[in-house]
Amino acid sequence: MRIASLTFMALALGLAGPARAEAPQKAVPQVPSQVTPQVTLDPARLAAAKAVVARAQGDRDTTLQAMTAPMTAMVQQMGLKQPDRAKVMVQEVIMPILSEHYDELLNLQAISFAAVLSKADLEAIAAFDDTPAGRNMAKAQPQLAQAQLTGMQHWIGSLAGEMQAKLAATAEAHGWVPGGNKPKPN
């Protein structure tokens, strides 16, 4: 469960794909401090989802620490190439912000879980989390999340050349030129 949230975060932050040095940097949109989806849920179902999410995330500090390396890579991709400076930015700026707003992430995940899973399913998941296997899975989540993130980065990176070539061929077939959408003459 935590794997999915970290993978989503990596995709949202652009960490899952290879960065191109020559690509122009886009401005990061400002996100409101309180993000609340418009979902109406049964309070008991939401409470069950919050319990599942809290267990799945495990230790807050361990989870946040697992984000440090990907965040450092993100800062470097954004243009601060010196690893020591990128790490300082992550430690002094990004991690404190993520830590301060961490409960918002848990609430968003709980709402998502409650919107998709029934109360009975959530209770069954919570019961599994209380078993030795469930506790072992929770302990392994940081390593599993990192392995999945690394695997996704390598997988997408291995396909980047093929994607780029096919994108260029398709753009050419449509008559599009770099820097604009000029239709192919008939």
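The values are calculated or read from the model by the stated rules, or taken from the named source; none is laboratory data. Bear in mind that the values here come from a model prediction, so they are computed numbers and not experimental data. Accessible surface areas use protein heavy atoms only, side chains included; no ligands, DNA or RNA. Shrake-Rupley method; radii C 1.70, N 1.55, O 1.52, S 1.80 Å.
Cα-based Rg of the range 76-186 per 2.2 N^0.38 Å, rounded to two decimals?
Working: Rg = 22.3 Å, N = 111, 2.2 N^0.38 = 13.2 Å.
In units of the globular-protein estimate, the range 76-186 measures up at 1.69.
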How much accessible area per residue does the range 81-186 have, in Å², with a 1.4 Å probe?
-> 69
Ellipsoid semi-axes in whole angstrom, largest first, where each is sqrt(5λ) of the Cα gyration tensor of the range 47-105 | 27, 10, 9
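Over its Cα atoms, what ratio of radius of gyration to 2.2 N^0.38 Å does the range 87-147 give?
Working: Rg = 15.3 Å, N = 61, 2.2 N^0.38 = 10.5 Å.
For the range 87-147, the normalised Cα radius of gyration is 1.46.
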For K119 and T131, compute 0.36 nm times the residue count separating them, minus their Cα-Cα distance, and round to one decimal in nm.
-> 2.4 nm
